[in-house]
Amino acid sequence: MSSNKFSPSLDGLFKQNIVLMSGLVTAPVIVAATSGERALVLVLSFFLMSYTSILLCRFIPRKIVYTVRTMLYATVAAVMFIPTVLLLEMWFPETTKSVIVYIELLTVNSLLLAKTESRFYLLPYGQMAVDALIYILGYAVAAFAVGIIRGLLAYGTLFGMRCFDPLMPAAKSPFFGFLLVGILAALCRAVSGKRVRAKAMADASSDIRREGTQ
C-alpha cells in the first residue's frame with residue numbers, strides 16, 4: 001500500500017533564500033534593517049502582507065490573463081497593507097514610522113508576484129501554505145541576521161538592550177547593508193554548494209556499492 005506523505009522542502013530557508021540566494025526582496029533589508037527592532041517590523045509586515053496574500057490569491061481563477069492576475073495579487077497585498085500597518089503602529093509605533101516606506105515596497109515584492117506563478121500555485125493548497133511559510137522564514141533569517149549584526153556594530157544594542165559602545169557607526173548605512181548582504185549571500189552559497197557536492201558524492205558511493213553487490 002503506497003503512502004503519499006508530504007515531505008516539505010526546506011529550500012526556501014537557505015538554498016533558495018529570497019534575499020541571500022535569489023535576491024528578490026533585498027532593498028528593504030539592505031536599507032532599512034539597521035537593527036533587530038527594524039528587522040522584526042520588516043519580517044512581521046512581510047509575513048502579514050505576503051503570506052496572507054499568497055493564501056487568498058490562490059482562489060483567483062487561473063483562466064484570468066497573467067498580467068491581470070499579477071495586478072490582482074498586488075491589489076490584495078495593498079489591501080492587506082492597511083491592517084498590517086495599523087497593527088504594527090500599535091506594537092512598534094516609532095519603528096514602524098521609520099520604515100513605513102519599505103513596508104509599502106513589500107506590497108509588490110517578487111515572492112508574491114513571481115514565485116506564486118512559478119512555484120506555489122503549482123502545488124496543492126496545503127503543501128503551498130507550508131512551502132510559502134518556509135520562504136517567509138527564509139526572509140526572516142536573512143533580515144534578522146543583517147539587522148542584528150548592524151545593530152550591534154552601529155549602535156551596540158540588541159533589540160533595544162545596550163550591550164557595548166558602538167563599534168562601527170557606518171554600519172547603519174545602505175552601503176554597509178549592501179556589503180553585508182553580499183558577504184552573507186557568499187557564505188550561504190558556499191555552504192549550499194558544499195552540501196550539494198557532499199550529497200552527490202554520497203549518491204555516487206551508494207551507486208557504486210549497489211553495483212558491487214549485483
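See the values below:
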item	result
Dipole-positive endmost among Leu122, Leu158, Gly177 within the chain (Cβ charges, Cα centre)	Leu122
Which of Asp165, Asp131, Asp11 has the fewest Cβ neighbours within 10 Å, and the rest in rising order	Asp165, Asp11, Asp131
Computed over the chain, the ratio Rg/Rh where both radii use C-alpha atoms and Rh is Kirkwood	1.06
Residues with amide H under 5 Å from that of Met168, placed H, sequence gap 5 or more	Ala154
Student exercise, the chain dipole from Lys, Arg, Asp, Glu Cβ charges, in Debye to nearest 20	540
For the chain, calculated [θ]222 nm from helices alone, where every DSSP H run of n ≥ 4 adds -39500 (n - 2.57)	-20500 deg cm²/dmol
Among Ile136, Asn17, Leu88 the positive-end extreme of the charge dipole of the chain (Cβ point charges)	Asn17
Fewest-first ranking of Val99, Val130, using other Cβ atoms within 10 Å as the exposure measure	Val130, Val99
Value of relative contact order over the chain, rounded to a whole percent, pairs C-alpha under 8 Å and six or more apart	34
Built amide H within the under 5 Å cut-off of Leu158, gap 5+	Cys163
Sorted by Cβ neighbour density within 10 Å, fewest at the top, the residues Tyr125, Tyr135, Tyr102	Tyr125, Tyr102, Tyr135
Under the span-like rule (Cα at least 30 Å along the axis, Kyte-Doolittle mean at least 0.5), DSSP H helices of the chain	66-91, 125-155
Between the stretch 130-152 and the stretch 1-75, the Cα center-to-center distance that results, in Å	12
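Read the figures in this text as sums done on the coordinates, not as results from a lab. A quick note: this is a predicted structure, and the numbers were derived from the prediction, not measured. Cβ coordinates were reconstructed from backbone atoms using ideal geometry, including for glycine residues, and neighbour counts include every protein chain displayed.
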